[in-house]
Structures are given as structure tokens and as C-alpha cells.
Amino acid sequence: MKRVILHIDMDAFFAQVEQMKNPALRGKPIIVGGDAGHRGVVAACSYEARRYGIHSAMSSTEARRRCPHAIFVGGNLTNYVYISAQILDILNNYTPIVEPASIDEAYLDVTDSYQLYKNPKNLAKHLKQCIKNKLQLTCTVGIAENKLLAKTASDMNKPDGLNTLWMHELEDKFFPMEIRKLRGVGPQTEKALLGLGIKTIGDLKDYPEKKLSQHFGLHGEHLSRMARGLSDTPVHSYDEMEDEKSMSHEHTLYEDSSDLIFLKSLLITLTDKVVTRLKKAQFLARTVRLKVRYSDFKTITREVTLNSMTDDVTTIYKTALGLLPEKDILTKKVRLIGIGVTKLHGSVETPQIELFDEDSISKKRKCGDVVEDIRDKYGKFSIVRASSLPYRWEH
Ligand SMILES: [Mg+2]
């Protein structure tokens, strides 16, 4: 059966959130990340800044050189996570099959729900308008029969775009594209393909699959399928991800509580425990999940997928804070709180790229490693975080 998949990508997400919070920044070149004075890098930049050739992961010094009047703003992870969770809440109104791909991207399988909006394009328009009305943010939507083409469709039409890439449109829109635009084709593969005279996705599609396999092994078969626009990876919703490799800690309170200072200190204690396990197992995580059970036993789970892998306690804690439903907690007491991480990868083979203030995070990470060493040597309560004390005092 023909599937209908949407790829939602927020436009210059961090920069747009800053512009939404502070209207004085609208229409201006905004750079989110470390200032040029430090060894910082650009975590994100507004479309106004992109006109100067600035892009994410560029050094702040270079960005400052290209656009001296750019405005630098420090990132606020908790706030971005908070908005990201609100976006996911909106997306969930359109289909239960929503897969967050990063803090500002998600895939939706709307095969069974688009009829409510007559056609997929109408659903996408409705969704874009809803995000704009509720959060004053724009996004780009790609629509296609699979994830690969949906993502390609949105990439082609940023910002504030809406683009389809159906199978019957491949001839016009997909095959003429340069080979480096195909997902999974990095600089190395691009070079090798160009060496074989393959310049466009269409060239790759027409190249004998057998010959590709000789050059690229299993990857050759995969490349050939992608060049034909084929991909059958399903959109995984939250619930299906439950059995994924994950690490979590939760705690049932002795007495139900609405005290945010107390709950936050409990949260950092739990984060600490999760990070100890992550580091011991030499894993990095990309998704942070928060679980809250209220006194009426209603339980909610919220999660966010970050743009990079981490085992940093501050990053994970700040992410969890963005997911904490503070308003609801003030009116309903909490009975249990839990934090978990998933999408784990071995820390040995995966580089950690931190986009916010690189320097201080790597120092914090080293500090985290030292803390673990002390606990190994002198016991787990030999060193604790000051911010976890309100929780510890009660026990
Ligand atoms: Mg984006």
C-alpha cells in the first residue's frame, strides 16, 4: 500500500526561538552559540545570517568575520526542549505515528489520517498554520511515500516551505540532483562516485547494481536502492521504541509533592545515577525521556531527541527540565518521577559534538569523570551535587 510520510523540519530552530522570545531580534542576523571571543562554534543561525555564508558548526570567529554586525546569543537548551515538546504535542494531533528525529525534526506517518484533510498537502498546510499560530514559528514540510524522499523534499524547499516528492515526480525533481545531495553520500563516497562518472542521482540509478556492489560492498546495493527513491524504513512512534536499549531511574516519593525545587533536586539525583551507568557502560545517549506520575496515578512520558550524543549530566538534566510539566505539577501533586536515556551508542566509536560553548562542556565532562572516579574509590555518597541537596535532606 502506498504510504504517506511527512518530514517536518523547523526553520533555523534555535535562532527562530530566540527571535520569537525577543521581537527586537526579528529580521536580523542572529547567531546562537559561543561568542567570537571564545573558541565557540555556531550552533544555529537565522536565515538573515545565512545570507552571509554563515552555517552551523562554523567557528564563531569566522562567523564574526563574515558578518561583523551579527548578534550573538547564548543558547538555552531547556527552553528549546520545552518548545520542541510543544511541537511534538501538536504533531501528535495529526497521527499517533510520530518519530522525533532530532530536537527540531520529526517524521509522521499520515497514511491513515490524511483523508480527514482531503489530501496530504492540506494536512501539511493545516499543521504548518497550527505551529505558526500557537508558537509563532515556521517550519518546512516534505511529503512523500517514504522517509528518504520526505526528508529530501523538505531539504529542497527551506524555509517555510511545503514540497512533495512523489514517485511520479522523481524524473523531474530527484534524478537531476547532484549526487552529494543523496542521503548517506558523504565526501568520500561522493569522490568515489564521481570517479565512476556518476554525477547525478539519475546516473547512480542507471549504474549497474552489480558493479556498485563490487566497489562499495553492501553499501552499493543500498546506494542503488536510494537512487531509485526506495526506502522502507518505518516511522517509529514512541511506544514502539520501548524495547530499545535504554537506561533509566525512577523514584516514588514518600509523600506526593508539588514542590518544584524539591522535584528538580530529585531529578538531578536521578540524572546523576543514569549518567554514572552511562559512563560505566561507555555509552552516549541521544534521547532523553521524562516520566511523571501524578497522585491520581495518571502517568505521562515525554521525550526529546537531541542533535548530538552526550553523557554530560548538565546537558541531560537541562533537557529533562525542558520536559518537566511545571504548570501541571503546581496544580497536581507528583507521586513518581523518572528519567531515562535511549538511542545509545558506544562512546568509544562515537564522537561527541557539543554545539553550545564547547569549552566549558568538555571541562564539565572531565569534571564528571573525576566525580565518578571519586565515587568508585570512596563510595557513592562521598561526593554529591549541591543542587541535589533539597532532595537528600528529606532522606
Ligand atoms: Mg531545522
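The values are calculated or read from the model by the stated rules, or taken from the named source; none is laboratory data. All values reported here derive from a predicted model rather than from experimental measurement. Using ideal geometry, Cβ is built from the backbone for each residue, glycine included, and neighbour counts are taken over all protein chains shown.
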Selection count where residues are touching a residue at least 24 places away in the same chain (Cβ under 8 Å) and within 17 Å of residue 178 (Cα to Cα), scope segment 131-162
7
Reported set for segment 84-101 where residues are outside any helix (DSSP H, G or I), within 14 Å of the ligand (Cβ to nearest atom) and crowded, with 22+ Cβ neighbours inside 10 Å is 100
Meets criteria (within 13 Å of the ligand (Cβ to nearest atom) and within 17 Å of the chain's Cα centre (by Cα)) for residue 104
yes
May I ask you to list the residues in segment 15-29 that are surrounded by fewer than 23 Cβ atoms within 10 Å (Cβ to Cβ) and within 15 Å of the ligand (Cβ to nearest atom)?
19, 20
Show me the helices (runs of 4 or more DSSP H) entirely contained within segment 215-330 in which 3 or more residues are farther than 24 Å from residue 344 by Cα.
218-227, 260-280
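Among what's in segment 147-181 and is among the basic types (Lys, Arg) and closer than 12 Å to residue 8 by Cα, pick the residue that is farthest from the ligand (Cβ to nearest atom). Spell out the reasoning first.
Here is the first cut: in segment 147-181, the residues among the basic types (Lys, Arg) are 147, 151, 158, 173, 180-181.
Imposing the further condition that a residue be closer than 12 Å to residue 8 by Cα reduces the set to 147, 151, 158.
Numbers: 147: 16, 151: 11, 158: 8 Å.
So the residue we want is 147.
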Restrict the check to segment 4-14 and report whether at least one residue is more than 18 Å from the chain's Cα centre (by Cα) and either acidic (Asp, Glu) or within 16 Å of the ligand (Cβ to nearest atom) (or both).
no
From the set of residues in segment 260-292 that are more than 24 Å from the chain's Cα centre (by Cα) and surrounded by fewer than 18 Cβ atoms within 10 Å (Cβ to Cβ), which is nearest to residue 340 (Cα to Cα)?
280
Complete set of residues in segment 178-201 that are part of a loop (DSSP other than H, G, I, E, B) and either outside the structural domain of residue 221 (by TED's automatic domain parsing) or more than 21 Å from residue 147 (Cβ to Cβ) (or both)
196, 197, 198, 199
Residues of segment 107-130 classified as in contact (Cβ under 8 Å) with a residue 12 or more places away in the chain, farther than 25 Å from residue 25 by Cα and crowded, with 16+ Cβ neighbours inside 10 Å, total:
11
List the helices (runs of 4 or more DSSP H) inside segment 1-71, counting only whole elements, that have at least 1 residues being of a type in the set (A, V, I, L, M, F, W, C), out of contact with any helix residue (DSSP H, G or I) (no Cβ under 7 Å at 6 or more places or on another chain) and not assigned by TED's automatic domain parsing to the domain that holds residue 87.
none
Conditions (1) crowded, with 24+ Cβ neighbours inside 10 Å; (2) modelled with pLDDT under 90; number of the one not met by residue 56
(1)
